[in-house]
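Enquirer: The structure is given below, and queries will be raised subsequently.
The values are calculated or read from the model by the stated rules, or taken from the named source; none is laboratory data. Worth saying up front: this structure is predicted, and the values here are computed from it rather than measured. Virtual Cβ from ideal backbone geometry, glycine too; neighbours counted across all protein chains shown.
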Amino acid sequence: MKTKSYMARIMAAPHILWAILFIAAPMLFVLYYSFTDASGAFSTENLRLLLDAKYLTIFLRSMAFALVATVICLLVAYPLAYAISRATPRAQKVYMMLIMLPMWMNFLIRTYSIMAILEDNGFLNTILNSLGIPSVHIINTSAAVIFGMIYNYLPYMVLPIYTVLSRLDVRLLEASADLGCTPAQTFTRVVMPLSRSGVVSGVTMVFVPSVSTFYISQKLGGAKYDLIGDSIERQFQSAYNYNLGAAMSLVLMVIILISMAIMNRYSDGEGGLVA
Amino acid sequence: MFFVMNSQFYCGFNRYKRMCINSKKMEKNEKLIELRGITKEFDGTPVLTDLNLYILDKEFVTLLGPSGCGKTTTLRLIGGFETPDKGDVFFEGKRITDLPPYKRPVNTVFQKYALFPHLNVYENVAFALRLGKVAEKEIARRVKEMLKIVNLEGFERRNVEKLSGGQQQRVAIARALVNQPRVLLLDEPLGALDLKLRKDMQVELKKIQQRMGITFVYVTHDQEEALSMSDTVVVMDNGVIQQIGTPEDIYNEPKNAFVADFIGESNILDGIMHADKLVEFSGHTLECVDGGFEKDEPVDVVIRPEDVDIVPLGSVPIHGVVNTVTFKGVHYEIIVDVQGFKWMVQTTDYAAPGTEVGLRILPDEIHIMKKSKYSDLYGDYSTYFDEMDKSGAEATGDEN
Ligand SMILES: Nc1ncnc2c1ncn2[C@@H]1O[C@H](COP(=O)(O)OP(=O)(O)OP(=O)(O)O)[C@@H](O)[C@H]1O
Ligand SMILES: [Mg+2]
């Protein structure tokens, strides 16, 4: 017994060291900078500053955009994942690869290509015009920013939902039909409840990066829609106010923690990718 | 056989109806379900070939056959989970071949339970009731009643995935029965139970079937279960029905060597019908009760081990040397070598290994069958002990 736990501790040592170096240490730095001023003295000034309407707006906007992007991702991803999970095993592999393909591309290049698509005389409008439909103005609107988020994070929603749906036992669907459920009833009474953990994972995996994203809004929103991620970047990159930047990160972490706690209440603790 | 006897009491009426239908005295609308000319292939391999079968209202029909012979597939055709390549399925005379499962008045107890893991025992059983507009109080009453029948009172709030295999199976039975379907399809519903619980549940299921007046189509590969529970047994092999009949018919009048071998133990010998009621086998010509064969037609002769008596040498023509004796509780199982052919004899008399004995077989204990493609596959008991080892290994290896 004793030697075993001793061994286990030795085995865990590298991992613990890693965790201290790259997880705990940065967090401590964030905490330190959040509660000090430029001279290094203790201060709550940074956090108080964030209560300013300017920053509150940024936080609320980030959360609202992330929420809308997450909901749309869910609405798109669920039927998609369901359809894929019902295809033949070969087709499933191909579809999933197509969905993952954009993730192999660099984030910046992806965002630039979305710009090229959404521009006033870009790819999308060229197609619309050739179909006789008048141009739409999307670039530099909030819709473009949200579209960018959806485009970037959709695979993270599809993947966990597909994973639970593909593992769903067909016999349960047969049993449900056998007991009198129409296909629609089978969907709401069996498929949906059994895929909840995948949905919870997907929502978490899309909401978290969306709420903290930067760059997307700068490029697709024409710098009109400041988001938390962009503000933080600015504090570190151009304003050199590490203390304010750290305070923003701290608040962002709290927001993420709270939203994850809420999501986990809906998870049944099995299946999905995020425990 | 003793376990066949009790079925005599309760299946008299359906048996009478079947007789009438066969003699075309009764109209065909007595048939609740009918499978007509069903052929089904999977990936080019025929699984069912020209299957014809009807099931009467309130009848207990058992599909019996070795693993992979197409029992589950037949059940799935009735349940609506498979469509035949050829042929049709009828319910009360109406063609339902393309009707989806949820529109069929048929419920299934699946071979692997298929309980809903997101629902507890109570909600699993209540599942079908919640689809209709059944009041909560009525749901509670009926679920409680069903759980009582399957002996799972007090399990309402349990997680179905944490139940034992036997308990899960009983939840599956309760779930399928709660809505009082016209027909219940059961795919080896007692497979996961230990012997004692299995016997209890056999009696319980039979009672439920009679009390609720539900037609049961029951799949098993346990021949004793089939004989003791059913009104009608359907013996299948390799996607083809070998025989349909009452348990007594199947046991006493097997149609071919496969049925004789699959149902109980049998000595199957090559014989020649010299005339009506006169058959030659083991080098002797004996009197029997069957007829209707060509003169000198080769036949299979079936003699059940319990029908053979060990008598003193010289009193009867057939005789041999005792090879082995095994005590089985009620009787001895004695392997007797008659000119190289090993007979199995079940008797309460003891005979020491090595002694020479006579084998007495009365005329009505000799059953004559036409030759079939199974004729040479089943013979004597010379490899009996190997076979026992093999079937022992199968029984543990074949869980599905
Ligand atoms: N969906 C399917 N695809 C391909 N082959 C199948 C399918 N379902 C059944 N089969 C094949 O059909 C044959 C009959 O299967 P079936 O399940 O009806 O047998 P069974 O009599 O129920 O056997 P068991 O006693 O082992 O349950 C088997 O050879 C099986 O491999
Ligand atoms: Mg089966």
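Enquirer: Go through segment A:188-217 residue by residue and tally those that are closer than 16 Å to A:ILE146 by Cα, in contact with a Leu (Cβ under 9 Å, 6 or more places away or on another chain) and either without any contact (Cβ under 8 Å) to a residue 40 or more places away in the chain or surrounded by fewer than 21 Cβ atoms within 10 Å (Cβ to Cβ) (or both).
Expert: 3
Enquirer: Something else now. With A:SER39, A:SER5, A:SER62 as the choices, which residue is farther than 30 Å from A:LEU220 by Cβ, among the small types (Gly, Ala, Ser) and either in contact (Cβ under 8 Å) with a residue 24 or more places away in the chain or outside any helix (DSSP H, G or I) (or both)?
Expert: Just one listed residue meets the conditions, A:SER39.
Enquirer: Please enumerate the residues belonging to segment A:159-194 that are more than 10 Å from chain B (Cβ to nearest Cβ), touching a helix residue (DSSP H, G or I) at 6+ places or on another chain (Cβ under 6 Å) and among the small types (Gly, Ala, Ser).
Expert: A:SER166
Enquirer: Moving on. Is segment B:182-205 home to any residue that is of a type outside the set (Ser, Thr, Tyr), within 16 Å of ligand 2 (Cβ to nearest atom), without any contact (Cβ under 8 Å) to a residue 60 or more places away in the chain and not in a helix (DSSP H, G or I)?
Expert: yes
Enquirer: Now a separate question. If a residue counts only when it is more than 23 Å from B:ASP50 (Cα to Cα) and away from ligand 2 (no atom under 16 Å from the Cβ), which strands (runs of 3 or more DSSP E) contained entirely in segment B:206-276 have at least 3 such residues?
Expert: B:267-275
Enquirer: Any residue at all in segment A:112-126 that's closer than 25 Å to A:GLY202 by Cα, in a helix (DSSP H, G or I) and hydrophobic (A, V, I, L, M, F, W, C)?
Expert: yes
Enquirer: Please find, among B:THR45, B:THR74, B:THR49, B:THR83, the residue that is in contact with a helix residue (DSSP H, G or I) (Cβ under 9 Å, 6 or more places away or on another chain) and among the polar types (S, T, N, Q). Break it down into steps so the answer makes sense when it comes.
Expert: Details: B:THR45 fails: in contact with a helix residue (DSSP H, G or I) (Cβ under 9 Å, 6 or more places away or on another chain); B:THR74 fails: in contact with a helix residue (DSSP H, G or I) (Cβ under 9 Å, 6 or more places away or on another chain); B:THR49 fails: in contact with a helix residue (DSSP H, G or I) (Cβ under 9 Å, 6 or more places away or on another chain).
Just a single option satisfies the conditions, and that option is B:THR83.
Enquirer: More than 8 Å from ligand 1 (Cβ to nearest atom) and either within 14 Å of chain A (Cβ to nearest Cβ) or in contact with a helix residue (DSSP H, G or I) (Cβ under 9 Å, 6 or more places away or on another chain) (or both): is that true of B:PRO66 in this structure?
Expert: Spelling it out, it is not the case that B:PRO66 is more than 8 Å from ligand 1 (Cβ to nearest atom) and either within 14 Å of chain A (Cβ to nearest Cβ) or in contact with a helix residue (DSSP H, G or I) (Cβ under 9 Å, 6 or more places away or on another chain) (or both).
Enquirer: Residues in segment A:155-169: is at least one more than 26 Å from the chain's Cα centre (by Cα) and surrounded by fewer than 24 Cβ atoms within 10 Å (Cβ to Cβ)?
Expert: yes
Enquirer: Anything in segment B:67-100 that is of a type in the set (A, V, I, L, M) and over 22 Å from A:VAL170 (Cα atoms)? List them, or say none.
Expert: B:VAL89, B:ILE96
Enquirer: Looking at segment B:110-149, which of its residues are under 23 Å from A:PRO183 (Cβ atoms), modelled with pLDDT of 95 or more and more than 9 Å from every other protein chain (Cβ to nearest Cβ)?
Expert: B:GLU123, B:ASN124, B:VAL125, B:ALA126, B:LEU129
Enquirer: What single numbered condition from (1) under 26 Å from B:VAL345 (Cα atoms); (2) surrounded by 17 or more Cβ atoms within 10 Å (Cβ to Cβ) fails to hold for B:GLU265?
Expert: (2)
Enquirer: Among the residues of segment B:92-115, how many are of a type outside the set (S, T, N, Q), more than 23 Å from the chain's Cα centre (by Cα) and either more than 16 Å from ligand 1 (Cβ to nearest atom) or outside the structural domain of B:GLU41 (by TED's automatic domain parsing) (or both)?
Expert: Applying the first criterion (of a type outside the set (S, T, N, Q)) to segment B:92-115 yields B:92-96, B:98-106, B:109-110, B:112-115.
The next check asks that each one be more than 23 Å from the chain's Cα centre (by Cα); those that pass are B:92-96, B:98-105, B:114-115.
Applying the additional criterion that residues be either more than 16 Å from ligand 1 (Cβ to nearest atom) or outside the structural domain of B:GLU41 (by TED's automatic domain parsing) (or both) yields B:92-96, B:98-100, B:102-105, B:115.
Within segment B:92-115, residues that are of a type outside the set (S, T, N, Q), more than 23 Å from the chain's Cα centre (by Cα) and either more than 16 Å from ligand 1 (Cβ to nearest atom) or outside the structural domain of B:GLU41 (by TED's automatic domain parsing) (or both) number 13.
Enquirer: Given the conditions (1) surrounded by fewer than 18 Cβ atoms within 10 Å (Cβ to Cβ); (2) under 22 Å from the mean Cα position of the chain (by Cα); (3) free of Cβ contacts under 8 Å to residues at least 24 places away in the same chain, report the number of the one that A:GLN185 does not fulfil.
Expert: Evaluating A:GLN185 over (1) surrounded by fewer than 18 Cβ atoms within 10 Å (Cβ to Cβ); (2) under 22 Å from the mean Cα position of the chain (by Cα); (3) free of Cβ contacts under 8 Å to residues at least 24 places away in the same chain leaves (2) as the failure.
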